[in-house]
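For reference, the structure is listed below as structure tokens.
The values are calculated or read from the model by the stated rules, or taken from the named source; none is laboratory data. Owing to the predicted nature of the structure, the values given are computational and were not obtained by experimental measurement. Neighbour counts run over all protein chains shown; Cβ positions are idealised from the backbone, glycine included.
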Amino acid sequence: MTKQRYIFFVFLLGITGCGTVKDPAAAGREPVTGMIQLNGQPLEMGARIFFSPLNGGDRTAGGVGHIVKGGKYSLTGRNGVKPGKYRVGITCELTYDRKTSAPRTALTDDVDEYHVRIVPPEFNEKSTIEFEVVEGQKNVFDYNIATSFVPDTKIPKKTPRLPQ
């Protein structure tokens, strides 16, 4: 490559930029990260965290994230949360095989599965937990669900399927 072509190439990079393209859907949203524990132990896959605006604010402002290994979650980009005050809810269901009462596997038929909630309602649909997302700040929400709640693990009666 000649020197002129090299200089021209560098010039073009400078004009067009070589950074990442910003997602327009992420505009005005802040990243929220953290770790969720249940009685001091990290919640694992299958758990979700949601941020719902207080006082009936903009329904699109909040966010929902999946809790992954180690109880960690991260809502970023278009999944971030707009600045404001939120009610925080945390849910977690484990899925079991109705025939064996063992945790669900890839071989479990959807008809033969049942779900057990392991996080009590006062931390999800009846939650009073609040968190404020602040623009330009590091928004970290860590929470330990301290509870003596014992999930109902009895196998529910099989619900008959409706004819199609």
Inset, instruction - For the range 45-94, enumerate the residues that are part of a loop (DSSP other than H, G, I, E, B) and farther than 23 Å from His115 by Cα. - result: Gly57, Asp58, Arg59, Thr60, Ala61, Gly62, Thr76, Gly80, Lys82, Pro83
Inset, instruction - Could you check Lys82 against (1) at pLDDT 80 or above; (2) in contact with a helix residue (DSSP H, G or I) (Cβ under 9 Å, 6 or more places away or on another chain) and say which number it fails? - result: (2)
Inset, instruction - Could you tell me whether any residue of the range 104-111 is surrounded by fewer than 17 Cβ atoms within 10 Å (Cβ to Cβ) and in contact with a Ser or Thr (Cβ under 8 Å, 6 or more places away or on another chain)? - result: no
Inset, instruction - State the number of residues belonging to the range 35-75 that are more than 10 Å from the chain's Cα centre (by Cα) and among the hydroxyl-bearing types (Ser, Thr, Tyr). - result: 2
Legend entry - Residues located in the range 25-44, provided they are assigned to a loop (DSSP other than H, G, I, E, B) and touching a helix residue (DSSP H, G or I) at 6+ places or on another chain (Cβ under 6 Å): Leu43
Inset, instruction - Please name all residue pairs, on different chains or six or more residues apart, with Cβ atoms under 7 Å, provided the first residue is in the range 23-34 and is charged (D, E, K, R) and the second residue is surrounded by 14 or more Cβ atoms within 10 Å (Cβ to Cβ). - result: Arg29/Gly80; Arg29/Val81; Arg29/Lys82; Glu30/Gly80; Glu30/Val81; Glu30/Pro83; Glu30/Val133; Glu30/Asn139
Inset, instruction - Only residues that are surrounded by 18 or more Cβ atoms within 10 Å (Cβ to Cβ) and of a type in the set (Gly, Ala, Ser): list them for the range 28-51, please. - result: Gly34, Ala47
